[in-house]
Amino acid sequence: MTDTANKEELSLIKKQLADYAMCFELLGSITEVMSETEAIDKIITLFRTICAPSRVVYVSINEGKPAEVTLFPDSVIPKPSVSDIINSLEDDYSWTATGNGFKLKIKYRDKTIGIIEVDGIAFSEYKNHYLNLALSIVNVLALAVSNARTYEALLEANKDLEGFSYSVSHDLRAPLRAIDGYSELLLEDHTDKLNDEGKSFLDIIRKSTDKMGQLIDDILAFSRIGRKELESFKIDMNDIVETVINDIKFTISERNIDFDIKPLPETYGDTAMIRQAIVNLIGNAVKFTRNTQCAKIEIGCNIENGKKVYHIKDNGAGFDMEYSNKLFGVFRRLHGDDEFEGTGIGLAIVRKIITKHGGDVWAKGLVNKGAEIYFTLP
Amino acid sequence: MVSNEVEILLVEDNEQDADLAIRALKKYKLANKLVWVKDGAEALDFIFSQGKYEAIASEKNVPKVVLLDLRLPKVDGLEVLAKIRAHERTKQIPVVVLTSSTEDRDIVEAYSLRVNSYIAKPVNFEKFSKTLAEIGFYWVVLNKLPR
């Protein structure tokens, strides 16, 4: 091999290395979560930066059909016709060299989700090198586009959900108010025409309406926590537990509960949400010790495997461990309304809050021997 | 001096809710000078003396309080509130949002439009009538407005 050939070889390798380096740097920004349009713009920018083509055509394919065409430069070149695109889609290739460039399909899980056509590259002698480069990153591009689509679908689903709970909040309460209101008016204004049975039926209607109203409020509170963005601050758990217990003591002055509160390490998270979780947990402990002679509630924290494991233990009604997996479900209850009132949202909210903070929550219990709820926080 | 021929403007599309609200206010004799409109467009017609309320002289149409539902046909409650606040003549009219919604964004938006009060309608009728009576008593009897 001659010196000149060596030099040429060396400069090609240098260029290739430089292109790969640039390529990977640009890839980083493509894999950030964004909309499909943004992802496509970044893909086009990547090819423009790497091989300086005179035109780039990106056809977004959705469910086997061309959805949108993005062009560079957007003013000069005519858009490819739909039939051209469909022909190109049906052709059996993953990539193909064209006159002065190349064309490749962007595939995710065997489905074509886009076609990119790079044409008129500045240094056509490097066509193969550019094509190799493109092929080495095409899977990452596919992943980025697919992620962007999932992200958009998720945003859409979230919006639907928000609209749904908004509508629940507005529309479901109004008929309930009418049922309750007119039952009450019947009792007030037409009481002489009702016998005792009639009056007791109306009482049942009104109690059920109240319950339904409570259920609506609870499901809304639950969904609001899911949608709320977390704030993160240093939290003094001792302070939260102390104020929550003081508030609760105020409402149960007739009860004599032995609160045993151990020193608690601080944590990080959304103060309002963590307080809500503590309110629910202590509220449960207070409720389920109602029939216990010497009610005792212990709140503490142990460090296990470097994790802060907080616990709230009581010696109340407890539960059967067989049902422990149902304890945290929405509207799941292990006690009848005649034993302990409630809708079954409390622990579901606790779990939502703790998992939102990246923690775990679990329970241990025995019937009539009490319940122990554990949760971890950062 | 501004005369309050109308004391309460009730903006409520749900007939039962309106009926229950008026009954609750009547009990405490607070519904004598009450006008009920069924959507946001009619509320604006009333407040700005236009449409079918054109004939009524505008200074007689300043209610002591507007009880405003949020989800309304045609023009929604927050738009009504924004329009009331945007005009010199009407910007000081007390507006109490009375709605089923306890969504944060509604509350925040209403306060940023300088609502005077935001009240969620209780489902329970006893609480609902008590709430209505309290609102009516406060805004119609106790509260003083600039002359």
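With the dipole of the protein assembly as shown worked out from charges on the C-beta (+1 for Lys and Arg, -1 for Asp and Glu) around the Cα centre, which of A:Trp362, A:Ala67, B:Thr102 lies farthest toward the positive end?
The listed residue farthest towards the positive side: B:Thr102.
Could you give the dipole magnitude of the range A:3-155 about its Cα centre, charging the beta-carbon of Lys and Arg +1 and that of Asp and Glu -1, in debye to the nearest 20? Before the final figure, lay out the partial values.
Values: 15 positive and 21 negative charges, 15 e Å.
Around 80 debye, computed over the range A:3-155.
Using θ = phi - 60° and the Karplus curve 6.51 cos²θ - 1.76 cosθ + 1.60, what whole-Hz ³J(HN,Hα) does each residue of the range A:317-326 get, with Gly and Pro shown as x?
4, x, 7, 7, 4, 4, 9, 4, 6, 8
With unit charges on the beta carbons (Lys and Arg positive, Asp and Glu negative) and the dipole taken about the Cα centre of the range A:170-227, which residue among A:Ala178, A:Ser223, A:Phe201 sits farthest to the positive side?
Comparing the listed Cα positions along the dipole, A:Ser223 ranks first.
How high is the FRET efficiency between A:Phe24 and A:Ala52 when r is their beta carbon distance and R₀ equals 22 Å, given to the nearest 0.05? Numbers along the way, then the final one.
Values: r = 18 Å, r/R0 = 0.83.
The pair A:Phe24/A:Ala52 has a calculated efficiency of 0.75.
Whole-Hz Karplus ³J(HN,Hα) for the range B:113-127, in order, using 6.51 cos²θ - 1.76 cosθ + 1.60 and θ = phi - 60°, x for Gly and Pro?
Values, residue by residue: 8, 6, 5, 7, 6, 10, 10, 8, 5, x, 6, 5, 5, 4, 5 Hz.
Looking at the range A:112-217, which trypsin sites (Lys or Arg not before Pro) are in a loop (DSSP not H, G, I, E or B) and have at most 11 other Cβ atoms within 10 Å? Intermediate values should be presented prior to the final figure.
On the way: sites: A:Lys127, A:Arg149, A:Lys159, A:Arg173, A:Arg177, A:Lys193, A:Lys199, A:Arg206, A:Lys207, A:Lys211; in loops: none.
For trypsin sites (Lys or Arg not before Pro) across the range A:112-217 that sit outside H, G, I, E and B with at most 11 neighbouring Cβ atoms in 10 Å, the list is empty.
With +1 on each Lys and Arg Cβ and -1 on each Asp and Glu Cβ, and nothing else charged, work out how big the dipole of chain B is about its Cα centre, in Debye to the nearest 20.
Numbers: 22 positive and 22 negative charges, 133 e Å.
Once rounded to the nearest 20, the dipole reads 640 debye.
GNM on chain A, C-alpha springs below 10 Å: top fluctuator among A:Ser167, A:Ser146, A:Ser11?
A:Ser11
In the structure shown, do any of A:Lys193/B:Lys26; B:Lys29/B:Lys64; A:Lys15/A:Lys127; B:Lys38/B:Lys144; A:Lys262/A:Lys308 have a Cα-Cα gap over 18 Å, and if so which? Mind showing how you got there, number by number?
Values: A:Lys193/B:Lys26 23 Å; B:Lys29/B:Lys64 15 Å; A:Lys15/A:Lys127 13 Å; B:Lys38/B:Lys144 27 Å; A:Lys262/A:Lys308 13 Å.
Too far apart for the 18 Å limit: A:Lys193/B:Lys26; B:Lys38/B:Lys144.
Could you work out Rg/(2.2 N^0.38 Å) for the protein assembly as shown, with Rg from alpha carbons only? Show your work: numbers first, answer last.
On the way: Rg = 33.2 Å, N = 525, 2.2 N^0.38 = 23.8 Å.
Rg over 2.2 N^0.38 Å, computed on Cα atoms: 1.40.
When you look at the Cβ of every residue in A:210-219, what mean number of other chain Cβ atoms sits within 10 Å? Write out the running numbers ahead of the final one.
On the way: counts 2, 0, 1, 3, 1, 0, 2, 3, 0, 0.
Average per residue, whole number: 1.
What nm distance separates the two modelled labels at A:Lys249 and A:Lys234, each placed 7 Å from Cα along Cα→Cβ?
2.7 nm
When each pair of different Cα atoms in the range B:8-140 is counted once in the 1/r mean, what is the Kirkwood radius in angstroms, to one decimal?
Details: mean 1/r = 0.0680 Å⁻¹.
Computed over the range B:8-140, the radius equals 14.7 Å.
What's the ranking of B:16-22, A:33-39, B:66-72 by average number of surrounding C-beta atoms within 10 Å, highest first? Working shown, then result.
Details: B:16-22: 20.6, A:33-39: 17.3, B:66-72: 25.3.
Answer by packing, highest mean first, reads B:66-72, B:16-22, A:33-39.
About its Cα centre, what dipole magnitude does chain A give when the only charges are +1 on Lys and Arg Cβ and -1 on Asp and Glu Cβ, stated in debye to the nearest 20? Don't jump to the answer; show the numbers that get you there.
On the way: 45 positive and 58 negative charges, 142 e Å.
Using Cβ point charges on Lys, Arg, Asp and Glu, chain A gives about 680 debye.
Extension gain A:Lys307-A:Thr355, at 0.36 nm per residue separation less the Cα-Cα distance, in nm?
On the way: separation 48, 0.36 × 48 = 17.28 nm, distance 1.46 nm.
So the chain would gain 15.8 nm between A:Lys307 and A:Thr355.
With r defined as the distance between the Cβ atoms of A:Ala272 and A:Lys193 and R0 fixed at 60 Å, what FRET efficiency is calculated, to the nearest 0.05?
Taking R0 as 60 Å, the efficiency between A:Ala272 and A:Lys193 is 0.75.
Return the percentage of antiparallel bridges among DSSP beta bridges fully within chain A, rounded to the nearest 5 %.
Details: 48 of 52 bridges.
Beta bridges within chain A, antiparallel portion: roughly 90 percent.
Take A:Phe222, project a point 7 Å from its Cα along the Cβ direction, then tell me which residues of the range A:281-318 have their backbone nitrogen under 18 Å from it.
A:281, A:284
With the contact rule set at Cα under 8 Å and sequence spacing of 6 or more, what percent relative contact order holds for chain A?
Values: 512 pairs, mean separation 40.3, N = 378.
That works out to 11 percent.
Mind checking which of A:Tyr126, B:Asn143, A:Gly28 is farthest towards the positive end of the protein assembly as shown's charge dipole, using Cβ charges of +1 (Lys, Arg) and -1 (Asp, Glu) about the Cα centre?
Towards the positive end, the residue furthest out is B:Asn143.
Mind listing the long-range amide H neighbours of A:Ile106? Cut-off is under 5 Å, sequence gap 5 or more, other chains count too, H placed in the peptide plane at 1.01 Å from N.
So A:Ile106 has HN proximity to A:Ile113, A:Gly114, A:Ile115, A:Ile116.
Which FRET efficiency value, to the nearest 0.05, do you get for A:Asp338 and A:Arg290 by plugging their Cβ-Cβ distance into 1/(1 + (r/R0)^6) with R0 = 22 Å? Present the calculation step by step, with values, prior to reporting the outcome.
Numbers: r = 13 Å, r/R0 = 0.59.
The value I calculate is 0.95.
Here, each number is a calculation from the coordinates, and none is a lab measurement. Bear in mind that the values here come from a model prediction, so they are computed numbers and not experimental data. Cβ atoms come from the backbone with ideal geometry, glycine included; neighbour counts cover every protein chain shown.
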